[in-house]
Structures are given as C-alpha cells and as structure tokens.
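Quick note: the coordinates plus some simple rules give every number you see, no bench work behind them. These numbers come from a predicted model, not from an experiment. Here the Cβ positions follow ideal geometry from the backbone for every residue, glycine too, while neighbour counts run over all protein chains shown.
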Amino acid sequence: MLRDPAQSEEVAQEVFLELWSTAAQYDPGKGSAAGWALMIARRRAIDRVRSSVASAVREQQAAAPAELWDQTHEAAAEAIDRERLVRSLRRLTAPQREVIRLAYFGGHTHRQVAAILGAPLGTVKGRIREALIKLRLAMTSED
C-alpha cells in the first residue's frame, strides 16, 4: 500500500509497538495471531495513505493563495508599467512617437523606418536615439 520505503518502515514500527502494547487484547477465538497482526498493519497503512493525501491537499490549498497573489501582483505591475509607458510616449514629439511606433512596436529596422517615412536614415536614427533617452528619463523619474 505504501510506495515510500521510509513510510513503510515507520508504519511497521508503529504496528510492532501496537502489537506489543495491545498483546493482552488478542483473542485466539477470533482468528490467528498473524491475521490479527495483518489487520492492524492494514489499518495503519490505510491511515497513513489517507493522512498523506489529506496533507497534500492542504499543501495545495495553502499554496493556491500565494500563487494567486503572485499572479495578481505581476498583472498589476505590468498594468502600471504599461500606463507609465503610455504617459511617457505622450511626452514625445509626434515625429519621435512615430519612429518608436514603427521601430519598436512595428518591428521595422531603422532603414525600413526611413523608407516608410521618406526621411534620411541619419535623421531616423537621431530621432530614435532622442526618443529613447526621453523615454528612459520619463520612465525612471516616475518611480
């Protein structure tokens, strides 16, 4: 019944102690000594399995609120970061917002952004650099 050897050994020890302490209660008219000992062992093993299952259920129930707290905390932190980013993006000039939108949210390379906007590559790179500096300052100043 018990798959864990350590628990099996503990139950066996408990059974021997019970047999020793309750030997006077054994009635040969009700069955053999071996049958009586096996009945006690079976009961102890079943009790141990039930106890282990109940303990595992309690541990899962105790862990669930902590996991829920972690998930809620992460979601709240992401929402705050997202709102902070939106506010920071609003502080950029329109051309800076556009290059950030295309490069970082659109996934375009600097060359592709320059082609889409019809602007020189150096200008696009400069706008992106300035926009990132402003965003970093805005994001860190709101902590």
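Every residue in segment 71-120 that is surrounded by 13 or more Cβ atoms within 10 Å (Cβ to Cβ) and more than 40 Å from the chain's Cα centre (by Cα), please.
PRO95, ALA114, ALA115, ILE116, LEU117, ALA119
Any idea which of ALA138, ALA103, ALA114, ALA79 is in contact with a Pro (Cβ under 7 Å, 6 or more places away or on another chain) and farther than 30 Å from GLU14 by Cα? Steps first, answer last, please.
Working: ALA138 fails: in contact with a Pro (Cβ under 7 Å, 6 or more places away or on another chain); ALA103 fails: in contact with a Pro (Cβ under 7 Å, 6 or more places away or on another chain); ALA79 fails: in contact with a Pro (Cβ under 7 Å, 6 or more places away or on another chain).
Every option except ALA114 fails the conditions.
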